[in-house]
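Visitor: Below is a structure I'd like to ask you about.
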Amino acid sequence: MFFGSRLNPVARAEKFIEKGKYLKAMKLLHKTFEKYPNSLDLARLRFEYGKYIPFDNSHHEAAIDYFNLQMQFDVSGDKIHADFVKYMTTTQGRINIDDETLIKLSIVFASHGFENNAIYIINQMMRKECINPHMVDALVAMINYLDEKQDSKKAQNYVNYLKWHFKDHEMTDYIISKR
């Protein structure tokens with residue numbers, strides 16, 4: 001595909017990648033993504049190319065955009081989880097994703113049975129004493145998952161956090177009334 005006499009931005013980015021000019025490719029894709037912020041394919045491409053520069057902020061930004069679009073478009077929990085594992089592996093566990101996106105990811109993971117990553121994220125947020133309103137949803141998803149597994153001891157930790165940090169929330173009353 002040509003744009004005037006030039007290659008389209010994606011083809012140009014691919015050329016930069018072939019030449020080892022990863023930052024240039026990411027910058028071009030970022031600029032293009034700003035014009036088409038709802039393009040899941042473009043977000044995926046940025047995420048994939050970010051693996052070449054895993055510790056650069058542009059890779060983390062691409063991951064945030066990609067994960068948020070995946071959740072917005074109801075991509076399967078399995079796919080989101082696989083991509084998160086890929087991100088964790090590529091960045092060697094150096095996560096640089098904003099709290100809100102992480103919390104939303106933990107909800108997806110808890111509701112799809114990816115217990116370890118859900119717990120990892122939620123516990124990290126608890127240590128930070130996160131009071132983001134979506135944290136309630138993450139805790140409830142985790143409690144529901146653990147209740148289904150009949151692991152009431154683990155679930156109680158999250159119930160206690162709800163009681164202490166979100167005592168006035170309607171979901172806290174609901175969860176407590178179920179116990």
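Where a number appears in this text, it was derived from the coordinates with a stated rule and is not lab data. Keep in mind that what you see is a predicted model, and the values were worked out from it rather than measured. Because the Cβ atoms are built from the backbone with ideal geometry, glycine has one as well, and the counts that use them run over all protein chains shown.
Visitor: Does residue 75 meet the test of being under 30 Å from residue 21 (Cβ atoms) and surrounded by 15 or more Cβ atoms within 10 Å (Cβ to Cβ)?
Guide: Spelling it out, residue 75 is indeed under 30 Å from residue 21 (Cβ atoms) and surrounded by 15 or more Cβ atoms within 10 Å (Cβ to Cβ).
Visitor: Any chance you could count how many residues in the range 102-129 are closer than 22 Å to residue 57 by Cβ, crowded, with 18+ Cβ neighbours inside 10 Å and not basic (Lys, Arg)?
Guide: 5
Visitor: Select from the range 52-66 the residues that are part of a helix (DSSP H, G or I) and in contact with a Phe, Trp or Tyr (Cβ under 7 Å, 6 or more places away or on another chain) and list them in ascending order.
Guide: Answer for the range 52-66, where residues must be part of a helix (DSSP H, G or I) and in contact with a Phe, Trp or Tyr (Cβ under 7 Å, 6 or more places away or on another chain): 52, 62, 63, 65, 66.
Visitor: Which residue pairs have Cβ atoms under 6 Å apart, sit 6 or more places apart or on different chains, and have a first residue in the range 18-44 that is surrounded by 14 or more Cβ atoms within 10 Å (Cβ to Cβ) and a second that is in a loop (DSSP other than H, G, I, E, B)?
Guide: Short answer, once both residue conditions are applied: 22/53; 40/73; 42/36.
Visitor: Could you list, ordered by first residue, the pairs with Cβ atoms under 7 Å in which the first is in the range 52-72 and among the β-branched types (Val, Ile, Thr) and the second is assigned to a helix (DSSP H, G or I), at least 6 apart or interchain?
Guide: Cβ pairs passing all conditions: 53/22; 53/23; 53/26; 53/59; 64/101.
Visitor: How many residues are of a type in the set (A, V, I, L, M) and more than 10 Å from residue 166 (Cβ to Cβ) when one looks only at the range 123-137?
Guide: 2
Visitor: Among the candidates 96, 38, which residue alone is outside any helix (DSSP H, G or I), in contact with a His (Cβ under 9 Å, 6 or more places away or on another chain) and among the polar types (S, T, N, Q)? Step through it out loud before you land on a result.
Guide: Numbers: 38 fails: in contact with a His (Cβ under 9 Å, 6 or more places away or on another chain).
After applying the criteria, what remains is 96.
Visitor: Look at the range 52-67 and say how many of its residues are within 16 Å of residue 14 (Cβ to Cβ) and more than 16 Å from the chain's Cα centre (by Cα).
Guide: Qualifying residue count for the region: 2.
Visitor: Return the residue satisfying two criteria in turn: it lies in the range 148-179 and is among the charged types (D, E, K, R), in a helix (DSSP H, G or I) and more than 15 Å from residue 109 (Cα to Cα), and of such residues it is farthest from the chain's Cα centre (by Cα).
Guide: The qualifying residue farthest from the chain's Cα centre (by Cα) is 178.
Visitor: If you scan the range 71-124, which residues turn out to be more than 23 Å from residue 38 (Cβ to Cβ), among the β-branched types (Val, Ile, Thr) and under 13 Å from the mean Cα position of the chain (by Cα)?
Guide: Those that are more than 23 Å from residue 38 (Cβ to Cβ), among the β-branched types (Val, Ile, Thr) and under 13 Å from the mean Cα position of the chain (by Cα): 85, 95, 121, 122.
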